[in-house]
Each structure stands twice: as structure tokens, then as C-alpha cells.
1. Taking a cut-off of 19 Å between Cα atoms, list the lysines near K52, but don't count ones fewer than 8 places away on the same chain.
2. Using only the Cα atoms of the stretch 124-263, what semi-axes does the equivalent ellipsoid have when each is the square root of 5 times a gyration tensor eigenvalue? Give whole Å, largest first.
3. Calculate how steeply helix 27-38 sits against the longest principal axis of the alpha-carbon atoms of the chain, using the helix alpha-carbon long axis, and give the answer as 0 to 90 degrees to the nearest 10.
4. Ratio to report: Rg/Rh of the chain, with Cα atoms as the point set and Rh obtained by the Kirkwood method; give two decimals.
5. Pick from K17, K107, K185: which is most flexible by mean-square fluctuation in a GNM of the chain where alpha carbon atoms under 10 Å apart are linked?
6. Work out the charge dipole of the stretch 1-100 with +1 on the Cβ of Lys and Arg and -1 on the Cβ of Asp and Glu about the Cα centre, then indicate which of S76, A41, S26 is farthest towards its positive end.
7. Just give me a number: lysine pairs in the stretch 87-207, eight or more positions apart or cross-chain, with C-alpha atoms less than 29 Å apart.
8. Could you give the dipole magnitude of the stretch 50-109 about its Cα centre, charging the beta-carbon of Lys and Arg +1 and that of Asp and Glu -1, in debye to the nearest 20?
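Values in this text are rule-based calculations from the coordinates and carry no lab data. Since we're looking at a predicted model, the values are computed, not measured. Positions of Cβ are generated from backbone atoms using ideal geometry, with glycine treated the same way; all protein chains shown enter the neighbour counts.
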Amino acid sequence: MVNVKNNIINMISLENKVALVTGAASGIGLATAKLLSDAGASIAMIDIDEAKGAKAAEDINDSGGRAKFFLCDVTSDSACKSTVEAVYEEYGRIDILFNNAGVIRRKTVLDLKEEEWDLSIDVNLKSIYLLSRYVIPIMIKGNGGSIINTGSGWGIKGGPDAVAYCAAKGGVVNMTRAMAIDHGKHEIRVNCVCPGDIDTPLLRGEAKQLGVDEEEFMKEAADRPLNRVGEPLDVAKTVLYLASDLSSWVTGVSIVVDGGGIA
């Protein structure tokens, strides 16, 4: 029994590994950074919100983990390049990349402005391309790694008043498959986690965009088989699975974490 327990602990442990997490200052990114830290990883926390990001890294360090915040606009090629270089200089390796930064604009194609379309595509989709192109060579040098991209249930099926978001997240799902095919030979696994409605500032902000009551909006979001809105930790647990050796033969898949919302 002791050996079995030790084997399970070893499979889930991220000891001596480095995880780069985008959108790490709040919501899913923050919950995941904390959980991966609890599993033993050193965390590079990437966000555009410097105050919240620095405080989040400080909290992880105060709890006995190892984390550092890096300010980065994930839509900028030069910013992504310099940030990945800084992370590599700090830690000497990158084993896990969680591409999680995201935005949503709740509008139809008729109402959406061009700059809003560009923002959604750039943050939700282009950032994965930018960060991956600089992290993958480091992973190859380190004999492999795990990349996890944040998709969405709306990357698998459509949703109302969110055309740019649906387009971007659909791209994330298929981009994940393509990257898995390209980089399996490098021992790099690439997977996608597709959350449903998760209680984050992003979700609550949608109520304001749509001009509806926030509490009523959240109540409607809970209308699914498991009868609740998800918590960031629900998604973080799946990311931990995909980052760890528990999923050592899993690549190119999208795991829906939505309480049965699209069942």
C-alpha cells in the first residue's frame, strides 16, 4: 500500500519543474498557479495586471512556494519573446506552459467593432502561437514538456452574442490538435481544457456587457446537470492532471470541464 501511494504521489508531483502560467493574476490562472505550486512546481506568473500579479506571486511565496511575476502583453511578439527569455534566465527551464489569458466581448458580428474582433483573436488565440514559438525550443532542449491551452465549451459548440470569442476558442481547440501532431516527436504533449461558466471576474463582467442583472445571470449559468457554476479550482485540477505524469500518454485532446453544460 505504501508503494502504491508513493507511485501516485510521484505521478502527480511537479517537483523540480517550472510552469509558465498566463492570465495568472486572477480567476482560473491564479487558481492553477497556486495548485501547480502546491504540487511542487516553480511558477512564472504572466499577466498584464502588475499590481494583482505581483501580489499573487507574493502570496504563493509566503505560503512556501516559489513564484515570480512577469509583466507581459501576450498579444505582443517582442513582449512574449523577452518574457520567455527572462523566465528561462530565472529558472533555467520551462516544463509546463499554461496558455490561459483570455477576454470576451458579448456581441454579434453586426455589433462587434473591428478592434474588438482583433483583441479577442489576439488575446485568446494569437498569444498561444506567440508564447509557444518561444517556449517549445526550450522544452525541446529539456527533452519534453506539457502545453495546456484554455479553450471553452463555446470552442466546441456555438454560443449567443459572442462571435469573436467562439471563433477564437474554436481555433484554440484545433490549434491544440495541430500542435500535438507537430511536437509529439519532441516529447511535448499539447492538450486543451474547455471550461464552462466559471465564477471569475471575466464571467461576471459578461452580465454587465449584456446589460442584465449579475445575480440572475449567475443563477442561469448554474442551470446544468451538476447544478452550479464552476469554481476556478475545478479547472485547475484538470490542468494539474494534464501537466503531470498522470496524463503521460494523453495529447491532442480537449477536456470539457463544465458540470455537464454541453452534455
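1. K34, K68
2. The answer is 30, 16, 12 Å, longest axis first.
3. Here the helix axis deviates by roughly 20 degrees.
4. Reported Rg/Rh, Kirkwood definition of Rh: 0.96.
5. Highest fluctuation of the listed residues: K185.
6. A41
7. Count of close lysine pairs: 13.
8. Around 440 debye, computed over the stretch 50-109.
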